[in-house]
């Protein structure tokens with residue numbers, strides 16, 4: 001009888017459309033990625049919510065499409081989410097190689113941008129799937145911030 005009552009109660013609650021809050025494992029952000037990130041590094045991911053690891057860097061990499069440094073070859077123009085676990089600086093992302101084109105920065109306090117489709121570079125073009133390089137920077141050298 002208790003089992004039948006429990007099933008009936010569950011069905012009744014479900015029929016009322018009660019919404020169960022998301023657990024931290026269901027949260028749509030980059031919290032888990034940040035918790036496992038190396039101190040002093042920035043990360044880029046192929047998908048939203050820091051899924052699909054592209055690479056990480058403790059230093060600058062102004063050309064994500066070349067065959068040197070942290071990001072290489074197919075990493076250019078592929079990032080959809082980014083994470084800053086730096087200790088001293090912000091990360092300045094560029095639409096062009098060599099620190100050219102528009103830019104957008106990600107602060108240490110913001111920590112991540114879980115979906116870049118809502119962001120644009122200073123040039124007005126979308127950031128999503130358009131990052132070609134990055135450099136560590138002071139906040140005073142940033143005129144646009146990822147959200």
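The values are calculated or read from the model by the stated rules, or taken from the named source; none is laboratory data. In this text the structure is predicted, and so the values were computed from the model without any measurement. A quick note on method: Cβ atoms are made from the backbone with ideal geometry, for glycine too, and the neighbour counts reach across all protein chains shown.
Taking region 117-137 as the range and being assigned to a helix (DSSP H, G or I) and either modelled with pLDDT under 95 or buried (at least 19 other Cβ atoms within 10 Å of the Cβ) (or both) as the test, only 118 passes. Can you tell me which of (1) at negative phi; (2) surrounded by 15 or more Cβ atoms within 10 Å (Cβ to Cβ); (3) free of Cβ contacts under 8 Å to residues at least 60 places away in the same chain is the one residue 140 doesn't meet? Just one mismatch for residue 140, condition (2). Scanning region 66-89 for residues that are touching a strand residue (DSSP E or B) at 6+ places or on another chain (Cβ under 9 Å) and under 24 Å from residue 141 (Cα atoms) yields a total of 14.
Modelled with pLDDT of 95 or more, over 17 Å from residue 56 (Cβ atoms), more than 12 Å from the chain's Cα centre (by Cα) and surrounded by fewer than 23 Cβ atoms within 10 Å (Cβ to Cβ): is that true of residue 86 in this structure? Spelling it out, it is not the case that residue 86 is modelled with pLDDT of 95 or more, over 17 Å from residue 56 (Cβ atoms), more than 12 Å from the chain's Cα centre (by Cα) and surrounded by fewer than 23 Cβ atoms within 10 Å (Cβ to Cβ).
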